[in-house]
Each structure stands twice: as C-alpha cells, then as structure tokens.
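Working notes for the structure below.
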Amino acid sequence: MSKKKKQNKEQKFGLGWLFLVVIGLFVILILLPNNGGNKMTFSDLHGLSYSGDGEKLIAAVHDGLKVYSNGSWSIPEGPKNDYMGYSPVKNGFYSSGHPAPSSNLKNPLGIVKSKDNGQTVDVVDLHGESDFHALSVGYETEEIYVFASEPNSKMKEQGFYYSNNQGETWNLMNMQGISGSPLVMSAHPSRNGTFAIGTDQGLYLSENYGDSFEQIVTDLSVSAAVFSDDDTIIAGTNNGDKRILKININDSSFSNLNMPQNFEGNISYIAVNRENKNELSFATDLLNVYTSSDSGKTWDEIVEEGTSRKSGEK
C-alpha cells in the first residue's frame, strides 16, 4: 500500500471515529434532561402543583412541564408549550400562554386544558386571542377566573372575569371591597362563586362571584395562595418577615408555618398535595423550590437558584 493511500485510509478511519463520538455526545445531551439523576436547570417558573394522584410535583415552565418524583426531576413527554396561568384541576390542568415552536396551535393559546399531564391539550376558549397570566380554576367545580389585561372578543374591557360554563359566557366582576394591587388569585375547589384574591394590602374572599369581597388577612402583602381544603387557604406573604400562613376562611384565624433556614426571595407559588395534606411545596422568584412532608415543620430544597438538587443533598 502506498504511503498516500495509507494516510487517506487513516484519515477516513479517524473521521469515522470522530463522527461516532459526535453522534454519541449528541444522544447523551438529548437524554440527559430526562434522566432524573442529572442536574436540571430552570430558567423560570410559571406555576406549581401536585398531580391528581399525589405522586408527583409538577412545575410549569417556559418550555413545558418538569416533574419531581422519587427524589429527582425529569421532563415528561408532551409539547413544550409556554404555560402561563397554570392551574391544576382534579383531572388535569388549565393554562394559557403560548404554543411550542413546532405546534399547530394558535398563538396565544387563550385557555386550554390537558387531561393527560400535558401530552395533549384541548382548546377551551379565546384561542389565538388572549394570554392570561392570571388564571385560576376551581379544582372540582372547574369554574374559570381570569384577569383580562386587554379586551378581546368576549371581554369588552380590562378587568376580572369568571365563567361557570367553560367559556360560553364571561361575566365581569364588580370587585367591590378590594384594596391594593392584585398579586394572586385562587378559586375555591368545590364552592361555586367562591374566590380569593391576594393584594399588597391583604387577602380578600368573595362568595358571590367577585361582586363583593371581605378582607380576611390585613396589613400583609399576599403574593401566593392556594386552597388546601374547603375551609383553609395556604398563603405566602412578602413584606417584612416573609411567611407562609395557614388561614381559616370561616373566622379569619391563621397560624404561621415554619420557614426554611436561610430562606431568600419572594414567595411566588404554593402547592398542596390533596392526597396527602401534610405535603406542600413553594417556589420563589429566585427560582428556589422547597418541599415539606410534615406540614411545613421541616423543608427540603429541591431547586436552588434554578438548578435542581436531589432530595437531601447538601
């Protein structure tokens, strides 16, 4: 064999191995996000909930969903929609936002619902018209509450609206009794027309579809809230000493949950496991996520400044 032919053969051999190495690295990079044993990054958080069976913690993010189960995070199958206003219900979740780049859904999503953990979504209303960043749906009633930042074909002016017939009609709320800038909204899981709003001046409850509100927490900025059962709201406050409160809506009494040591950031989302009321989680605007299995007595940090951590990791 001539020296030139030998060099060409060696070059082809070397290029072949290089090609295999590149393909191998590409496959590894594709598989890494779905491997719960590896670090996962979060560029943002748009919502937090537990799955209907209580086995998983679900985070809605810019590119779909991320799931925490058995001590680690993974990415489920399904379209990577940008979910905004993410709101869990008994058999799935509702959301607004924007479709994934490869999707044939219209942009913005309007209001959509998934019954299979985000593998598919069904259009509910206002598809291609509105993106609702503030959206809350009754866990069992599936009454829909939204804030329309601008008018659309069914909402003729900016404001808070509700629908108790899956978007066939929308009703503008009067919002009497509310003070301050609204920060969070939460629909009651089972009582029709019952709805809470947190503002920078407290927490307010309506039992007549937002016609009027009663203030049940005063002098605190309430930035996150979720009904844990028919009579209780778990709420996060962000002025002064940042706290998580357990509030009885019948008499406005409340107690403070313990907070994680060295806790930083503003509380942005709270989730309660409806299959195990001792289990709850919350997220902050610094992209930290904490979870507790003993009603907030102790906490485990499972995302630190946008990077996942294994359960119990120091």
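The values are calculated or read from the model by the stated rules, or taken from the named source; none is laboratory data. Just so it is clear, the model here is predicted, and its values are computed rather than measured. All Cβ positions, even for glycine, are placed from backbone atoms using ideal geometry, and neighbour counts span all protein chains on display. We work out accessible area using only protein heavy atoms, side chains counted, and drop any ligands, DNA or RNA first. Shrake-Rupley method; radii C 1.70, N 1.55, O 1.52, S 1.80 Å.
Condition first: at pLDDT 95 or above and open to solvent by 40 Å² or more (accessible area, probe 1.4 Å). Now tell me which residues in the range 77-87 satisfy that.
Within the range 77-87, Lys80 is the sole residue that qualifies.
If you take the residues of the range 297-306 that are surrounded by fewer than 20 Cβ atoms within 10 Å (Cβ to Cβ) and assigned to a loop (DSSP other than H, G, I, E, B), which of them is nearest to the chain's Cα centre (by Cα)? Even if it seems obvious, please write down each step before you answer.
To start, the set of residues in the range 297-306 that are surrounded by fewer than 20 Cβ atoms within 10 Å (Cβ to Cβ) comprises 297-298, 300-301, 304-306.
Checking which are assigned to a loop (DSSP other than H, G, I, E, B) leaves us with 297-298, 305-306.
Values: Lys297: 23, Thr298: 22, Glu305: 17, Gly306: 15 Å.
The qualifying residue nearest to the chain's Cα centre (by Cα) is Gly306.
So, of the residues in the range 232-254 that are part of a loop (DSSP other than H, G, I, E, B) and of a type in the set (Ser, Thr, Tyr), which turns out to be least open to solvent (accessible area, probe 1.4 Å)?
Among those that are part of a loop (DSSP other than H, G, I, E, B) and of a type in the set (Ser, Thr, Tyr), it is Ser252.
May I ask you to say which residue of Tyr161, Tyr83 is free of Cβ contacts under 8 Å to residues at least 24 places away in the same chain and outside any loop (DSSP other than H, G, I, E, B)?
Selected residue: Tyr161, the only one of Tyr161, Tyr83 that is free of Cβ contacts under 8 Å to residues at least 24 places away in the same chain and outside any loop (DSSP other than H, G, I, E, B).
Could you tell me whether the range 255-278 includes any residue that is assigned to a strand (DSSP E or B) and surrounded by fewer than 19 Cβ atoms within 10 Å (Cβ to Cβ)? If you could, list the steps in order and put the result at the bottom.
Within the range 255-278, the first condition is being assigned to a strand (DSSP E or B), and the residues that meet it are 255-256, 267-272.
Those still in the list that are surrounded by fewer than 19 Cβ atoms within 10 Å (Cβ to Cβ) too: 255-256.
Yes, the range 255-278 contains a residue that is assigned to a strand (DSSP E or B) and surrounded by fewer than 19 Cβ atoms within 10 Å (Cβ to Cβ).
Can you say whether Met185 is surrounded by 14 or more Cβ atoms within 10 Å (Cβ to Cβ) and farther than 24 Å from Leu48 by Cβ, as far as the supplied structure shows?
No; evaluated as a whole, the condition is false for this residue.
Count, please, the residues in the range 198-219 that happen to be farther than 14 Å from Gln176 by Cα, open to solvent by 50 Å² or more (accessible area, probe 1.4 Å) and in a strand (DSSP E or B).
Residues flagged as farther than 14 Å from Gln176 by Cα, open to solvent by 50 Å² or more (accessible area, probe 1.4 Å) and in a strand (DSSP E or B) within the range 198-219 amount to 1.
Does the range 116-158 hold any residues that are part of a strand (DSSP E or B), free of Cβ contacts under 8 Å to residues at least 40 places away in the same chain and among the aliphatic types (A, V, I, L, M), and which are they?
Our first condition is that a residue be part of a strand (DSSP E or B); within the range 116-158, this holds for 122-125, 131, 135-137, 144-148.
Still in the running and free of Cβ contacts under 8 Å to residues at least 40 places away in the same chain: 122-123, 147-148.
Val123, Ala148 - these are the residues of the range 116-158 that are part of a strand (DSSP E or B), free of Cβ contacts under 8 Å to residues at least 40 places away in the same chain and among the aliphatic types (A, V, I, L, M).
Any chance the range 89-98 includes a residue that's touching a residue at least 60 places away in the same chain (Cβ under 8 Å) and within 12 Å of the chain's Cα centre (by Cα)?
Looking for residues that are touching a residue at least 60 places away in the same chain (Cβ under 8 Å) and within 12 Å of the chain's Cα centre (by Cα), one finds none in the range 89-98, hence no.
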